[in-house]
Amino acid sequence: LTHQYSITALPFLLIAIIGTLAQGGGWLRSPKAILLWTLVAFVALAKFGYFGSRYLEFLDTRQATQEAIALVETKGSVLTAAHIAPHLTHRPVVKLAIAGFDAAELANFDYALLNVPHPGWQSTPEFAGSLVEQLKNLPEFELTYERDEVYLFTKLKSI
């Protein structure tokens, strides 16, 4: 249940189960037993540990991140964190701000959206903070949004 790829098999499994139950077959026939088995299977596959460690981790900067994402135009290229990238995928270019990123490439982007407290996969708060400082010192970028250490830089348009 932690990966969306397994969801495509779900309709076929449900049809097979419904067909088996309609014919009076199957090893679980009681509605209570079916419900209990469903709950046990869900708890076993749901990975509740991810809920607290992975999903709630970004809650403190969620509102600021959503506001910054709304300011990014569809046609611009974006440098951002791994957990923000899925929300920006309809842009022509989305690149991850991960360790090893060459700061000389900053000029290739129209936007840089960075979450310093939660920099995402293969990054650190120190690395994200250093990118923020570099962007603040680049004259071609303007800080257009800042809240809860979530920063959105926009490349200035040439006149």
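The values are calculated or read from the model by the stated rules, or taken from the named source; none is laboratory data. Just so you know, these numbers come straight off a predicted model, no measurement behind them. FYI the Cβ positions are ideal-geometry reconstructions off the backbone, even for glycines, and counts take in every protein chain you see.
If you go through the stretch 63-93 and pick out every residue that is over 17 Å from A128 (Cβ atoms) and either of a type in the set (S, T, N, Q) or not assigned by TED's automatic domain parsing to the domain that holds Y145 (or both), you end up with 5.
For the stretch 118-154, the candidate set comprises residues that are within 16 Å of the chain's Cα centre (by Cα) and at pLDDT below 95; within that set, the residue that is surrounded by the most Cβ atoms within 10 Å (Cβ to Cβ) is P119. Against the conditions (1) part of a loop (DSSP other than H, G, I, E, B); (2) without any contact (Cβ under 8 Å) to a residue 24 or more places away in the chain, G120 satisfies every one except (2).
Residue count for the stretch 85-105 satisfying the condition of being in contact with a strand residue (DSSP E or B) (Cβ under 6 Å, 6 or more places away or on another chain) and aliphatic (A, V, I, L, M): 4. Taking the stated definitions as given, is G100 surrounded by fewer than 14 Cβ atoms within 10 Å (Cβ to Cβ), part of a loop (DSSP other than H, G, I, E, B) and at pLDDT below 90? Yes: the conditions hold for G100.
Which of the residues spanning the stretch 25-38 are surrounded by fewer than 10 Cβ atoms within 10 Å (Cβ to Cβ) and assigned to a helix (DSSP H, G or I)? Matches in the stretch 25-38: P31, K32. Here is the figure for the stretch 48-84: residues that are in contact with a strand residue (DSSP E or B) (Cβ under 6 Å, 6 or more places away or on another chain), in a helix (DSSP H, G or I) and of a type in the set (A, V, I, L, M) total 2. State whether one or more residues within the stretch 28-43 are touching a residue at least 12 places away in the same chain (Cβ under 8 Å) and closer than 30 Å to L135 by Cβ. No: zero hits. When the stretch 1-24 is limited to residues that are modelled with pLDDT under 75 and not in a helix (DSSP H, G or I), the one that is farthest from F48 (Cα to Cα) turns out to be H3. Taking the numbered list (1) free of Cβ contacts under 8 Å to residues at least 24 places away in the same chain; (2) more than 24 Å from R54 (Cβ to Cβ); (3) in a helix (DSSP H, G or I) in turn, L106 passes all entries but (1).
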